[in-house]
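Okay, structure first, notes after.
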Amino acid sequence: LDNNSASTVVPVQTSPVLLTDLTVAKIGPANVAPNGQMNYTIVVSNQGPAAADGAVLTDNLPTVLSNLSVSCTATGGAVCGAAAIGAGNVMTGILTSMPAWGTATFVIQATAPSSGSFANSATVEPPAGVQDLDPGSNTGGPVVTTVGPTIADLAITKTNSASTVTAGLPTTYTI
């Protein structure tokens with residue numbers, strides 16, 4: 001028998017790769033008074049095209065900061081999930097819903113130490129099954145903050161009540 005061959009066609013089904021572009025921008029103070037109150041603002045945006053529901057923002061806050069709290073507000077259909085600061089001053093924020101063009105803004109409040117300087121960045125990771133088109137934009141910062149003396153904003157005013165002054169004669173100025 002010459003016909004000992006067979007062939008079978010097996011369909012292979014793969015899930016499409018979801019692509020998105022998450023970005024993070026982080027701002028904070030360059031200077032803060034000793035033991036002063038300070039805020040970091042972190043804005044996470046999804047530039048699309050796919051949603052990134054379940055993305056996670058992580059911020060390893062400097063351990064010299066105390067009295068930490070975090071809040072989150074969202075726009076463009078995004079929904080903030082749990083946001084908390086845990087052991088080691090690690091802030092984790094879950095974006096329950098993060099559609100294309102959605103934005104979530106996290107505000108972290110803290111008390112600065114009495115001296116020194118520190119740097120801080122925040123990073124967002126897409127959820128499983130979603131690939132980020134530009135992972136280089138997933139980190140915001142670093143924000144470098146220096147603790148220093150409070151800078152005073154002083155002004156001096158010098159006035160002379162005389163409307164005209166004659167050369168060679170004394171005049172009085174009030175400071």
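The values are calculated or read from the model by the stated rules, or taken from the named source; none is laboratory data. This one's a predicted model, so the numbers in the text were calculated from it and none came from an experiment. Note that we place each Cβ from the backbone using ideal geometry, even for glycine, and neighbour counts take in every protein chain shown. To get the accessible areas, we keep the full protein, side chains included, count just its heavy atoms, and leave off ligands, DNA and RNA. Shrake-Rupley method; radii C 1.70, N 1.55, O 1.52, S 1.80 Å.
A few notes on this one:
- For the chain, the per residue solvent-accessible surface stands at 61 Å², with DNA, RNA and ligands left out and a 1.4 Å probe.
- Look at the alpha carbon pairs under 8 Å that are at least 6 residues apart: their mean separation over the length of the chain gives a relative contact order of 29 percent.
- With the simple model of a label 7 Å out from the Cα in the direction of the Cβ, ASN160 to THR139 spans 6.1 nm.
- The apolar share of the surface of the stretch 44-175, taken as the fraction of accessible area on carbon and sulfur atoms (1.4 Å probe, ligands and nucleic acids excluded), comes to 56 percent.
- Residue (of ASN160, PRO99, THR63) at the positive-pole extreme of the chain, dipole from beta-carbon charges: ASN160
- Each residue of the stretch 70-86 was assigned a 3J(HN,Hα) from its phi angle through the Karplus curve 6.51 cos²θ - 1.76 cosθ + 1.60 (θ = phi - 60°); the sequence is 9, 9, 9, 10, 10, 9, x, x, 6, 9, 6, x, 5, 9, 8, 10, x Hz, with glycine and proline shown as x.
- Using a Förster distance of 45 Å, the FRET efficiency for THR8-GLN131 (Cβ separation, nearest 0.05): 0.90
- Segments 161-174, 67-80, 85-98 sorted - mean Cβ within 10 Å per residue, highest first: 85-98, 67-80, 161-174
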